[in-house]
Amino acid sequence: MSEVRQDSAQRDIARAIIFILVVVAGFLVAGFLTIMSNVGFFGPAAGKGPKAEAGYKAAAPVIEALEKWRVAKGGYPEQLAALAPDYLPDVPLGPQDRELLYERVGESYALTFRYEGPGMNSCTYAPGAEWRCSGLI
């Protein structure tokens, strides 16, 4: 009877070790693929290439309109739609006809565009900072 318990305990330990190894391997593969994507191994790195350039181009007049609003009204609007029609004819779409995402952050804001290819990419701008882009495969 003691041998049966010992065999069962050894199998349980072996299963736990295999599970841990599989989980660790999954994280390593996901991390490796993310790094390879961000350095451009699978195509342009996040924030680079024609799709990203289209996002920067779509965001530029919005950023300019937001600054004009801030100067005129002493802060930023709650929504991008408030910029039209006085500061923008309408709110432009980002790359691949995706909406630009706007969020008030304290007295500031964050403006984000997203696009696919390769993987899912996201670029965010905040006043006083550079664009920050990241991507996932």
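Residue pairs whose Cβ atoms lie under 6 Å apart, separated by 6 or more positions or on different chains, with the first residue in region 60-88 and charged (D, E, K, R) and the second in a loop (DSSP other than H, G, I, E, B), are 68/87; 70/76. All of 80, 66 fail the test of being modelled with pLDDT under 95 and more than 28 Å from residue 30 (Cβ to Cβ), apart from 80. Listed by position, the strands (runs of 3 or more DSSP E) inside region 64-133 whose residues that are basic (Lys, Arg), open to solvent by 40 Å² or more (accessible area, probe 1.4 Å) and in contact with a helix residue (DSSP H, G or I) (Cβ under 6 Å, 6 or more places away or on another chain) number at least 1 form an empty set.
The values are calculated or read from the model by the stated rules, or taken from the named source; none is laboratory data. Computed from a predicted model, the values in this text were never measured in an experiment. We place every Cβ from the backbone using ideal geometry, glycine too, and count neighbours over all the protein chains shown. With ligands, DNA and RNA removed, areas are computed over all heavy atoms of the protein, side chains included. Shrake-Rupley method; radii C 1.70, N 1.55, O 1.52, S 1.80 Å.
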